[in-house]
Amino acid sequence: MSRKKPLIVFEGIEGSGKTTLINHVSKYLKKKKIRFIKIREPGGDKNSEIIRKLILNKKNKFNSFTDLMLYFAARSENVENIIKKNYKKKIILLDRFTDSTMAYQHYGMRLNKSLINTINRLLLKKIQPNIVFLNVVNMKNLSSRLKLRKNKNRYDYFNIKFYKKVQSGYLKMSKNKSNYVIIDSNKDLIKIKNKVLNKVINLLN
């Protein structure tokens, strides 16, 4: 039986559990010997990982526009060197993608929405996610999860107000989008994992 080769994106603010879920799905695919690639943004491609270190380094204090351009530079390398070559040929799991840029840089930092849309369109052309899992978290759980993090990056130190704006931006984007699945990460983790896995399995067959 031939399987579909979807592009599956995991989105959400810090502490929302998206990395836990993408790891869960990748373990399942490995176990079933289904070919896939897993990428994070920023990062993934070798050059993108260099840019990631720049963006997330706690010592760096870029202005918000520089930040945006660095994210696009990292995405450009990823799209050209990994995503285009594998799109519809292998399952692609993405830890963050274009909606992260809109949520953080537009809704969070108030950068121009049409500029972000235009550059994303130029980079992606016809590439589109088949499904986006949006993980949401309440601010109490977010705070406690961030406190427990051992390796923190620059994006783990924003104030709660900023994360609220970003999450609310994600929820605005999810409206009227049939490929969006909202995951309430405040709920039982086993149930959440099962829900996500079932959606992925349905998508593959």
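Some points to look at:
- Number of residues in the range 9-47 that are β-branched (Val, Ile, Thr) and under 20 Å from LYS89 (Cβ atoms) equals 6.
- Pairs are defined by a Cβ separation below 7 Å, a sequence spacing of at least 6 or placement on different chains, a first member in the range 25-52 that is in contact (Cβ under 8 Å) with a residue 24 or more places away in the chain, and a second member that is surrounded by 14 or more Cβ atoms within 10 Å (Cβ to Cβ) and of a type in the set (Ser, Thr, Tyr); the pairs so defined are PHE36/SER26; LYS38/SER26; GLU41/SER100; PRO42/SER48; PRO42/TYR71.
- Total residues in the range 128-169, condition in contact with a helix residue (DSSP H, G or I) (Cβ under 8 Å, 6 or more places away or on another chain) and assigned to a helix (DSSP H, G or I): 16
- Hey, ILE131 touching a His at 6+ places or on another chain (Cβ under 7 Å) and buried (at least 17 other Cβ atoms within 10 Å of the Cβ) or not: no
- Scanning the range 22-50 for residues that are out of contact with any Lys or Arg (no Cβ under 7 Å at 6 or more places or on another chain), among the aliphatic types (A, V, I, L, M) and under 20 Å from THR98 (Cα atoms) returns ILE39, ILE50.
- Subset tally (residues that are surrounded by 21 or more Cβ atoms within 10 Å (Cβ to Cβ) and either more than 21 Å from MET173 (Cβ to Cβ) or among the hydrophobic types (A, V, I, L, M, F, W, C) (or both)) for the range 8-38: 7
- Close pairs (7 angstrom Cβ cut-off, 6 or more residues apart or separate chains): farther than 12 Å from GLU11 by Cβ in the range 159-180, in a loop (DSSP other than H, G, I, E, B) anywhere: TYR163/ILE13; TYR163/GLU14
- Tabulated pairs, the range 81-96, first aromatic (Phe, Trp, Tyr), second surrounded by 15 or more Cβ atoms within 10 Å (Cβ to Cβ), C-beta under 7 angstrom, 6+ apart or interchain: TYR87/LEU7; TYR87/ILE127
- Just one of the numbered conditions (1) buried (at least 19 other Cβ atoms within 10 Å of the Cβ); (2) closer than 24 Å to TYR157 by Cβ; (3) aliphatic (A, V, I, L, M) is not true of MET69: (1).
- Residue list for the range 116-136, restricted to those being touching a residue at least 40 places away in the same chain (Cβ under 8 Å) and hydrophobic (A, V, I, L, M, F, W, C): ILE116, ILE119, LEU123, LEU124, ILE127, ILE131, VAL132, PHE133, LEU134, VAL136
- Positions within the range 97-111 being of a type in the set (Ser, Thr, Tyr), touching a strand residue (DSSP E or B) at 6+ places or on another chain (Cβ under 9 Å) and either touching a residue at least 40 places away in the same chain (Cβ under 8 Å) or surrounded by fewer than 21 Cβ atoms within 10 Å (Cβ to Cβ) (or both), in sequence order: SER100
The numbers here are math on the coordinates, done by the rules we state, and not lab data. As the structure is a prediction and not an experimental result, all values here were calculated from the model. Glycine gets a Cβ as well: all are built from the backbone with ideal geometry, and neighbour counts include every protein chain shown.
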